[in-house]
Amino acid sequence: MANHLACIGIHATDRASFARVLDSLLEHTTTAGTTPGHELKLWSDASGASYGFVFTREGKVECSTPGFRAESRLRVRATGFAADKSCRFCDLLEAEVVDSEGHVLYPFATTLADLVLVRERVQAGAALELAPCAFAESLQAWPDKEAYEASRKPGKAQLGSQFFIPNPAALMKKDGPPPPVAPRAHFTGHVEAADVRTNGVTGQPFQHALVRTYGGVYDVLAAADEKTPRLQPGNIVRGTFWLVARVTAGLD
């Protein structure tokens, strides 16, 4: 999780420092919604970084999820939910990404930052609009499309500059049962906008970019450190990403 947290400007080196950061965030949460048994409280600041906390009626935190106030929107058709063994509020939305005419592009799974509020309202087959975020777990960048295409090694195939592979671990497994559904993707895309933002609680920077890939645009989040490429508009990026989204339209 440390890699994900750095993508929104949170650098916690141990449990104690992580707990201090969460306490600081909790001091500035607002109620995003309630259900008969739970309340979703949300911290967010001007940078767009966010953190959701699911509380019981007794005031106990049952789940917390980092996120971001995404600008991009993605059309999907819900197909169901995949259970998370450790936390019911981390069950994954399974869906199909569709184009503007409703044609299926690829299967898709994501964590939902607002699952506690929308789970019972998402029906199989429902057309939903999501605000998708992609937290970079690995990241490469090229100055432009020409540089990306020139990087192809002789005799080797190269993925296109807009290419999306959902649940990449499934492609790596050659035998035995299939791996569980995961909220991850490996994709290549074009950076349309990019900037460095500052987490208002920690004072730490992080990168935000709008990246167009096959199927749509994603808000990409990445650490702002010496190990991570500094993204610029016009770059081609490739990496593996943890996906988290919120539902913005299509609920009954």
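At-a-glance table
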read-out	value
Rotationally averaged projected area of the chain (alpha carbon convex hull; nm²)	15.1 nm²
Candidates per trypsin sites (Lys or Arg not before Pro) in the stretch 107-159, loop by DSSP, up to 13 other Cβ within 10 Å	Arg152, Lys156
For the stretch 104-146, accessible area per residue (1.4 Å probe, heavy atoms of protein chains only), Å²	43 Å²
The stretch 197-231: trypsin sites (Lys or Arg not before Pro) in DSSP coil with no more than 15 other Cβ atoms inside 10 Å	Lys227, Arg230
GluC sites (Glu not before Pro) restricted to DSSP loop in the stretch 27-134 with at most 15 other C-beta within 10 Å	Glu27, Glu58, Glu71, Glu101
FRET efficiency for Gln158 and Ser100, using Cβ-Cβ distance with R0 set to 25 Å, rounded to 0.05	0.35
Of every Cα-Cα pair in the stretch 108-248, the percent that sits beyond 18 Å	61 percent
Calculated FRET value between Arg20 and Ile165, using beta carbons and R₀ = 25 Å, to 0.05	0.10
Cβ-Cβ FRET estimate between Thr31 and Glu192, R0 fixed at 25 Å, reported to 0.05	0.15
Sulfur and carbon atoms: percent of accessible area, the chain [1.4 Å]	51 percent
Inter-site label distance for Lys227 and Asp144 at 7 Å from Cα along Cβ, in nm	3.2 nm
Whole-angstrom gap from the stretch 183-235 to the stretch 140-167, using each part's C-alpha centre	17 Å
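The values are calculated or read from the model by the stated rules, or taken from the named source; none is laboratory data. On a predicted model such as this, the values are computed, not experimentally measured, just so you know. Methodologically, a virtual Cβ is constructed for each residue, glycine included, from the backbone with ideal geometry; neighbour enumeration extends over all protein chains shown. These area figures cover heavy atoms from the full protein model, side chains too; ligands, DNA and RNA do not enter into them. Shrake-Rupley method; radii C 1.70, N 1.55, O 1.52, S 1.80 Å.
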